[in-house]
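**Q** The structure is given below, and queries will be raised subsequently.
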Amino acid sequence: MRILLIEDDAFIARAVAAALESEAHVVTHAADGRSGLASLAAALPDAVLLDLGLPGMDGIDVLRRIRAMPAPASDLPVIIVTAREALESRLEGLDAGADDYILKPFHMSELLARLRAVVRRKGPLADEVLRAGDLALNTVTHTCSVGAERVTLSKREYALLAALLVRPGAILSKRALEEKLYAPGDEPEGNAVEYLIHALRKKIGSTRIENIRGLGWRIRETAK
Ligand code: CA
């Protein structure tokens, strides 16, 4: 998943981003509310982790603005990550439309579990399992299988395959795939996408990802 992390504490942001990336998520970090909203408007993430105590615009205001956006942005799963333990601030956050809360300090495993639960409950990726023929990719557990055989994917292989499987048959350009794989500002190697496709084909079968010359790639509904 693509996760937008709005957090002004650089230490916490780095730790959370590292934990999420180790679980094959792509993290965009914003250090304040305004840049967070700008990032969200530029590319919709699958979920938002939102700190409440932010410089400038408060986290609750950020949340209200997200909920006031046109759909689908208004429906984004938002988890508030906060040090404020006061019940009042929790209630205020829920009133403003938070999907869940996690109080600092927290264990990464708890954060990851809550994120999975919230996305499972209401994520834009409504289908947990993306399929094309006998190829299946579980977007919650990140497991991939071909028939009865389990396939282990790297985090970028997972992200690339998920992007193709969300709309089987649709052609995704190299640029579109790079946007799914890399956070804004990351400079991928010129042929990173081609390398990943090559690696994926070795794992899931060479004919499942079809190259459409000059346009991009698409997943085949059935293996040849
Ligand atoms: Ca803060």
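The values are calculated or read from the model by the stated rules, or taken from the named source; none is laboratory data. Everything quoted here is computed from the prediction, not taken from an experiment. All Cβ positions, glycine included, derive from the backbone under ideal geometry; neighbour counts span all protein chains shown. Ligands, DNA and RNA are stripped out before the accessible areas are found, and what is left, the full protein with its side chains, is counted by its heavy atoms. Shrake-Rupley method; radii C 1.70, N 1.55, O 1.52, S 1.80 Å.
**Q** Tell me, what are the semi-axes, in whole angstrom and largest first, of the equivalent ellipsoid of the chain as set by the roots of 5 times the Cα gyration tensor eigenvalues?
**A** Values for the chain, descending: 34, 17, 16 Å.
**Q** Could you list the GluC sites (Glu not before Pro) in region 90-196 that lie in coil according to DSSP, counting only those with at most 10 other Cβ atoms within 10 Å of their Cβ?
**A** When the GluC sites (Glu not before Pro) of region 90-196 are filtered for loop state and at most 10 Cβ neighbours within 10 Å, 189 remain.
**Q** Based on alpha-carbon centroids, what's the gap between region 2-23 and region 186-224 in Å, whole number please?
**A** About 29 Å separates the Cα centre of region 2-23 from the one of region 186-224.
**Q** For residue 212, what accessible area in Å² do you get when you roll a 1.4 Å probe over the heavy atoms of the protein chains, rounding to the nearest 10?
**A** Roughly 30 Å² of residue 212 is accessible to a 1.4 Å probe.
**Q** How large, in Å, is region 113-224 by the Kirkwood hydrodynamic radius built from its alpha-carbon pairs?
**A** Kirkwood hydrodynamic radius for region 113-224: 14.5 Å.
**Q** Using the Karplus curve 6.51 cos²θ - 1.76 cosθ + 1.60 with θ = phi - 60°, work out ³J(HN,Hα) for each residue of region 215-221 in order, rounded to whole Hz, and write x for Gly and Pro.
**A** 10, x, 10, 8, 8, 7, 5
**Q** On to the next question. If you stretched the chain out fully between residue 131 and residue 173, how much longer would it get, using 0.36 nm times the residue separation minus the C-alpha to C-alpha distance?
**A** Residue separation times 0.36 nm, minus the Cα-Cα distance, leaves 13.1 nm.
**Q** Using a simple spin-label model with points 7 Å from Cα along the Cα→Cβ vector, what separation in nm is obtained for residue 221 and residue 154?
**A** Output for this residue pair reads 3.2 nm.
**Q** From the square roots a ≥ b ≥ c of the eigenvalues of the alpha-carbon gyration tensor of region 2-122, which class results: rounded (a/c under 1.5), prolate (a/b over b/c), or oblate?
**A** rounded
**Q** Only four residue types carry charge here, +1 at the Cβ of Lys and Arg and -1 at the Cβ of Asp and Glu. Report the dipole size of the chain about the Cα centre in Debye, rounded to the nearest 20.
**A** Dipole size: approximately 1080 debye.
**Q** Under a straight-distance cross-link criterion of Cα-Cα below 16 Å, which lysines are reachable from residue 203, leaving out those fewer than 8 residues away in the same chain?
**A** 155, 224
**Q** Also, I was wondering about something else. Could you work out how much longer the chain between residue 35 and residue 64 gets when fully extended? Use 0.36 nm per residue separation minus the Cα distance between them, nm to one decimal.
**A** Here the answer is 8.9 nm.
**Q** Per residue of region 116-122, what does 6.51 cos²θ - 1.76 cosθ + 1.60 with θ = phi - 60° give for ³J(HN,Hα)? Whole Hz please, x for Gly and Pro, Karplus curve as stated.
**A** 4, 5, 5, 5, 4, 6, 9
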